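Questions regarding the structure given below will be posed in turn.
The values are calculated or read from the model by the stated rules, or taken from the named source; none is laboratory data. Note that this is a predicted model, so its numbers are computed, not measured. Keep in mind that these areas ignore ligands, DNA and RNA; they rest on the heavy atoms of the full protein, side chains included. Shrake-Rupley method; radii C 1.70, N 1.55, O 1.52, S 1.80 Å.
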Amino acid sequence: MHADRRRCLRFSTPLMVQARDKNKEKAWGLIKDFSRGGLKVVFDEFDFDTKSFINLEIQRPNENIYIPASVEVIWKRFIE
């Protein structure tokens, strides 16, 4: 088992997120946890390239309010 190397406290709060890639295609996903230093986002059918930038719209829980964010894909892992 390897040690957790994260420097920032993580919050496990599921949040719906909509992403747009460079071709403006949309995908819905779920933020599993987040911190000041990053997000853990799961997408069922979208594959973003590592080091690519994507635009997100994060939905506030129980509201129709979206918070925009631009993020860089640092790493990814496929789950079957």
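Bin width 10 Å, alpha-carbon pairs only: give the P(r) of the chain as whole percents, running from 0 to the bin holding the largest distance.
Going from the shortest bin to the longest, the percentages are 16, 52, 28, 4, 0.
So between Arg10 and Glu57, what do we pick up on full extension, going 0.36 nm a residue minus the alpha carbon distance?
Separation in residues times 0.36 nm, less the Cα-Cα distance, equals 15.0 nm.
If you count only protein heavy atoms and use a 1.4 Å probe, how large is the accessible surface of Ile58, to the nearest 10 Å²?
30
In what order, largest first, do Leu56, Leu30 sit by accessible area if the probe radius is 1.4 Å?
Leu30, Leu56
Looking only at Cα atoms, what is the convex hull volume of segment 7-54 per residue, in Å³?
Once divided by residue count, the hull of segment 7-54 is 80 Å³.
Another question, then. Karplus couplings for segment 35-50 from phi (6.51 cos²θ - 1.76 cosθ + 1.60, θ = phi - 60°), rounded to Hz, Gly and Pro as x?
The phi angles translate into 8, 5, x, x, 10, 10, 10, 10, 10, 6, 10, 10, 10, 9, 6, 4 Hz.
For the chain, with a Gaussian network of springs between Cα atoms less than 10 Å apart, report the residue from Arg60, Arg36, Arg20 with the top mean-square fluctuation.
Arg36
Something else about it: In the full protein assembly as shown, how much of Phe53 is accessible to a 1.4 Å probe, in Å² to the nearest 10?
We get 140 Å² for Phe53.
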